[in-house]
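Enquirer: One structure, pasted below without further comment.
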Amino acid sequence: MDKFPIRVLVVEDNEPWRRYFSTALQKQPELQVIGEVSDGLEAVQQAEELQPDLILLDIGLPTLNGIEAARRIRKVSPASRILFVSENRSADIAEEALSTGASGYVVKSDAASELPRAVNAVLEGKRFVSASLSGHGLNGPRDPQTGARFHRDNVTTLIPTQSVANARHHEVGFYSDDRHFLDDVTGFIGAALKAGNSAIVVATESHRKSLLLELQAHGLDIGAAIEQGRYMPLDAANTLSMFMVNGMPDPVRFLELLGNLIVTAGEAAKGANRRVSVFGECVHLLWSQGNAEAAIQMEKLGNNLTQIHDVDILCGYSLSNVEVAMDSHTREQICAEHSAVCSQ
C-alpha cells in the first residue's frame with residue numbers, strides 16, 4: 001500500500017487502550033488516525049463513511065461484537081484492511097476473527113512489542129498472528145470462499161457467529177443443598193422462557209427431572225417449549241463425552257457442539273432479543289471426578305461462547321453431593337472466569 005498518509009480507524013471500547021493504540025500509531029509518520037470509536041455498530045458506520053485504509057478492531061465491543069462488525073465492514077468498505085487487537089488468547093476465536101477476511105490478530109498483552117510489526121505486515125499485504133498463538137496453524141491455507149482455515153484432513157469447521165449485545169454473561173453458582181440449587185436454576189431458566197427466549201439445560205438426570213417439575217410448578221408449559229425447540233434438556237455426562245479428549249475438553253469440538261446448539265435454540269426463540277440461556281453441570285462433574293484442571297479449561301471455553309453468541313451462561317457446582325470439599329485455590333480459579341458468583 002503506497003498511499004500517504006495511511007488513514008487508520010481505531011475501534012476499542014476501553015479508553016486507556018484506545019488512547020494507547022492511537023498514540024502508538026501516530027509515532028509512525030506515514031499513519032494518520034482519522035477516527036476513534038468504542039462501539040461495534042458505530043465502527044461499521046464510520047468504516048462506510050470514512051473508507052479507512054486500516055482498521056484496528058477489538059472483539060469484545062458493545063452493541064455488535066468485533067467479529068460480526070468485521071463481516072459487515074468487509075461489505076461496506078472492502079478495501080479496508082482489518083487488524084484485530086484483542087485480549088482473547090483462544091486460537092479458535094482468532095481463527096474465527098481471521099475467517100472474516102481480516103489480515104492479522106494481535107493479543108493485547110503483546111501489543112507493545114508486536115503492534116508496529118503487525119501494522120507493517122498487514123499494510124504490505126501479509127498476514128500477522130501474535131507469537132503467543134503460534135503452533136495453532138493460523139497462518140495455514142484457507143478456503144477462498146469462506147476464509148476458514150482447512151484442518152482435520154481438509155474438513156472445514158466453522159463456528160457460527162452472532163452479534164453480542166453484552167460481551168460477557170457467564171455466572172457461577174456454588175450450592176450447599178439442592179433447594180438453593182433448584183431455586184436459582186429455576187429462576188435463571190424460567191426468566192428466559194417467560195421472556196420468549198430459549199434455554200439449554202445440561203444437567204444430571206435427577207436435576208433435569210427436578211427442574212422440570214419446578215418450572216411446571218411456576219406455570220411454564222415445558223412440553224410446548226420442547227416442541228418449539230426453545231427448551232433443550234441434555235444429559236451432562238453424555239454431553240461431556242462428545243468433546244472430551246484425553247481428559248481435557250477439545251476446544252474445536254466444544255465450541256462447535258455448543259455453538260450449533262445455541263444457534264439452533266436461538267432460531268427458535270421468540271423474544272425481542274432472541275437470546276439463549278445455558279445452564280450446565282459438566283464442569284461440576286469434571287471437578288467432582290478430581291479433574292479440576294479440565295473444569296477450569298471448560299470455564300475458559302465458556303467465556304469464548306459469550307464472545308461469539310447471544311448467550312447467558314450459569315455454571316452450577318453442587319457442593320453437598322461430593323465427599324471432597326472444593327479447595328480455595330480451585331474455587332478462586334473458577335470464580336476468576338466468571339462475571340458473577342452466587343454462593344449459597
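The values are calculated or read from the model by the stated rules, or taken from the named source; none is laboratory data. This structure is a prediction, so every number in the text was calculated from the model and none was measured. Glycine also receives a Cβ, built like all others from the backbone with ideal geometry; neighbour counts cover every protein chain displayed.
Enquirer: Just need a number here: residues in the range 106-160 that are buried (at least 19 other Cβ atoms within 10 Å of the Cβ), at pLDDT below 55 and in a strand (DSSP E or B).
Expert: Total satisfying the criteria: 1.
Enquirer: Just a yes or no: is a residue in the range 196-203 surrounded by 13 or more Cβ atoms within 10 Å (Cβ to Cβ), of a type in the set (S, T, N, Q) and under 24 Å from A94 (Cβ atoms)?
Expert: Taking the range 196-203 as the starting set, the residues that turn out to be surrounded by 13 or more Cβ atoms within 10 Å (Cβ to Cβ) are 196-203.
Okay, now just the ones that are also of a type in the set (S, T, N, Q), so 197-198.
Filter once more, keeping what is under 24 Å from A94 (Cβ atoms): none.
No, that holds for no residue.
Enquirer: Within the range 309-329, identify whether any single residue is among the hydrophobic types (A, V, I, L, M, F, W, C), surrounded by 21 or more Cβ atoms within 10 Å (Cβ to Cβ), more than 22 Å from G190 (Cβ to Cβ) and at pLDDT 90 or above, and answer yes or no.
Expert: Among the residues of the range 309-329, not one is among the hydrophobic types (A, V, I, L, M, F, W, C), surrounded by 21 or more Cβ atoms within 10 Å (Cβ to Cβ), more than 22 Å from G190 (Cβ to Cβ) and at pLDDT 90 or above, which makes the answer no.
Enquirer: With the condition being among the aliphatic types (A, V, I, L, M), I'd like the helices (runs of 4 or more DSSP H) fully within the range 1-105 carrying at least 3 qualifying residues. Quick ask: steps written out before the conclusion?
Expert: Numbers: elements: 15-26, 40-50, 66-76, 91-98.
The qualifying helices (runs of 4 or more DSSP H) are 40-50, 66-76, 91-98.
Enquirer: Yes or no: Q46 more than 29 Å from the chain's Cα centre (by Cα) and either within 17 Å of G104 (Cβ to Cβ) or surrounded by 16 or more Cβ atoms within 10 Å (Cβ to Cβ) (or both)? First the steps, then the outcome.
Expert: Details: more than 29 Å from the chain's Cα centre (by Cα): no; either within 17 Å of G104 (Cβ to Cβ) or surrounded by 16 or more Cβ atoms within 10 Å (Cβ to Cβ) (or both): yes.
No; evaluated as a whole, the condition is false for this residue.
Enquirer: Which of the residues spanning the range 262-305 are among the charged types (D, E, K, R), farther than 24 Å from E96 by Cα and surrounded by 18 or more Cβ atoms within 10 Å (Cβ to Cβ)? Let's see the steps before the verdict.
Expert: Pass one, the range 262-305, residues among the charged types (D, E, K, R): 267, 270, 274-275, 281, 293, 299-300.
Next cut, farther than 24 Å from E96 by Cα only: 270, 281, 293.
Residue satisfying the conditions is E281 alone.
Enquirer: Note down all Cβ pairs under 9 Å where the first residue falls in the range 291-302 and is assigned by TED's automatic domain parsing to the domain that holds D327, the second is charged (D, E, K, R) and assigned to a helix (DSSP H, G or I), and they're at least six residues apart or on different chains.
Expert: Hits for this filter: L301/D92.
Enquirer: Need at least 3 residues that are touching a residue at least 24 places away in the same chain (Cβ under 8 Å) and under 15 Å from L285 (Cα atoms) per element, so show me which helices (runs of 4 or more DSSP H) inside the range 164-242 make the cut, counting only ones lying wholly within it.
Expert: Values: elements: 178-194, 205-217, 222-228, 236-241.
Passing ranges, in order: 205-217, 236-241.
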